[in-house]
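Colleague: One structure follows; several queries about it will come next.
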Amino acid sequence: MKTNKLSRQVIDIGIDEKDRVKIGEGLNNLLADTFALYMKTHNFHWNVTGPMFNTLHLMFEGQYTELWNATDVVAERIRSLGIYAVGTFSEFNKRSRIKETTGVPNAEEMIRLLVAGNEAAARTARECFPAADKAKDEATADLLTQRLQIHEKNAWMLRSLLENN
């Protein structure tokens, strides 16, 4: 199945088909990053150890819960545009900038990997803006703005844990 396949129904929301396909492709990449980051964060939540266990365990839980909820929001926006949302591990893995972490890294490396993952998701979201702006797709632009704020804030909070005072 082509990932940019359109619904068979006519969609007349003021965004032409070509633009909807381009926006949908970008959002499918963001969906893949969101899911990959969700999996990584949840894995680290389960496996973190060390002196900062409680702090990181709770922080990771808050972040993976938000990411899980975001997958639905992003996928539903894709569907609102009449595009099919990707939803398989292989498609997520192919599209995502965030790659699987093998083994169980130490807590500091987990933090570094999650900073990098949030920054990657922010870059993916930012790359979707030109197509949304060109099509005057304010709903997608709003979603992208929200995702950017969350990923940049999470990266900052995680990065702050790595600073030596």
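Colleague: Say we join alpha carbon atoms closer than 10 Å with springs in a Gaussian network model of the chain; which of 11, 23, 78 then has the biggest fluctuation?
Modeller: The residue that fluctuates most here is 11.
Colleague: Another one. Can you tell me the relative contact order of the chain? Whole percent, Cα pairs under 8 Å, sequence separation 6 or more.
Modeller: About 31 percent, as a whole number.
Colleague: Please arrange 80, 160 by counting, for each residue, the other beta carbons lying within 10 Å of its beta carbon, fewest first. Write out the running numbers ahead of the final one.
Modeller: Values: 80 15, 160 10.
Going from least to most buried by this count: 160, 80.
Colleague: Still on this structure: When the chain is fully extended, how far beyond the present Cα-Cα distance does residue 134 get from residue 108, taking 0.36 nm per residue of separation?
Modeller: Details: separation 26, 0.36 × 26 = 9.36 nm, distance 4.09 nm.
Result: 5.3 nm gained on full extension.
Colleague: With the chain treated as a Gaussian network of Cα nodes joined by springs under 10 Å, which of 87, 26, 50 yields the largest mean-square fluctuation?
Modeller: 50
Colleague: Hey, another quick one. How much length would be gained if the chain were fully extended between residue 13 and residue 157, taking 0.36 nm per residue of separation minus their Cα-Cα distance, in nm to one decimal? It would help to have the intermediate numbers written out before the result.
Modeller: Working: separation 144, 0.36 × 144 = 51.84 nm, distance 3.82 nm.
Gain in length upon complete extension: 48.0 nm.
Colleague: Residue by residue through the range 58-74, what is 3J(HN,Hα) from phi via Karplus (6.51 cos²θ - 1.76 cosθ + 1.60, θ = phi - 60°)? Round to whole Hz and write x for glycine and proline.
Modeller: Each residue of the range 58-74 in turn: 6, 4, 4, 4, x, 6, 5, 5, 5, 5, 4, 5, 5, 4, 5, 4, 5 Hz.
Colleague: Please work out the FRET efficiency for the pair residue 99 and residue 72, using the Cβ-Cβ distance as r and a Förster radius of 25 Å; give the result to the nearest 0.05.
Modeller: Values: r = 23 Å, r/R0 = 0.93.
According to the calculation, E is roughly 0.60.
Colleague: Can you give the net charge of the other residues whose Cβ lies under 11 Å from the Cβ of residue 98, counting K and R as +1 and D and E as -1? It would help to have the intermediate numbers written out before the result.
Modeller: Working: positive: 40, 95, 97, 99, 123; negative: 33, 100, 119.
Taking every other residue near residue 98 into account, the sum is +2.
Colleague: At 222 nm, what helix-only mean residue ellipticity would the chain give, in deg cm²/dmol to the nearest 500, using -39500 (n - 2.57) for each DSSP H run of four or more? Could the numbers behind the result be given before it?
Modeller: Values: 5 runs with 117 residues, N = 165.
Roughly -25000 deg cm²/dmol at 222 nm, from the helical runs in the chain.
Colleague: Please give me the summed charge of the neighbours of residue 159: other residues whose Cβ is under 13 Å from its Cβ, Lys and Arg +1, Asp and Glu -1. List each step's numbers first, then the result.
Modeller: Working: positive: 112, 153; negative: 108, 119, 152, 163.
That works out to -2.
Colleague: Say we join alpha carbon atoms closer than 10 Å with springs in a Gaussian network model of the chain; which of 29, 106, 118 then has the biggest fluctuation?
Modeller: Checking each option, the largest mean-square fluctuation is seen for 106.
Colleague: For a footprinting-style exposure proxy, rank 30, 144, 161 by other Cβ within 10 Å, fewest first. If you can, show how the numbers build up before the last one.
Modeller: Working: 30 29, 144 26, 161 16.
Ascending Cβ contact count within 10 Å gives the list 161, 144, 30.
Colleague: Let me ask something additional. How big is the charge dipole of the range 17-160 about its Cα centre, in debye rounded to the nearest 20, if each Lys and Arg gets +1 on its Cβ and each Asp and Glu gets -1 on its Cβ?
Modeller: On the way: 18 positive and 19 negative charges, 61 e Å.
Once rounded to the nearest 20, the dipole reads 300 debye.
Colleague: Right, next: Kirkwood hydrodynamic radius, the range 1-128, all distinct C-alpha pairs: what's the number in Å? Don't jump to the answer; show the numbers that get you there.
Modeller: Working: mean 1/r = 0.0644 Å⁻¹.
For the range 1-128, inverting the mean 1/r across all distinct Cα pairs yields 15.5 Å.
Colleague: Using the Cα atoms of the range 99-145 to build a convex hull, what is its mean projected area in square nanometres?
Modeller: Details: hull surface 15.3 nm².
If you wrap the Cα atoms of the range 99-145 in a convex hull and average its projections, you get 3.8 nm².
Just so you know, all these numbers are worked out from the coordinates, no wet-lab data involved. Note that this is a predicted model, so its numbers are computed, not measured. Because the Cβ atoms are built from the backbone with ideal geometry, glycine has one as well, and the counts that use them run over all protein chains shown.
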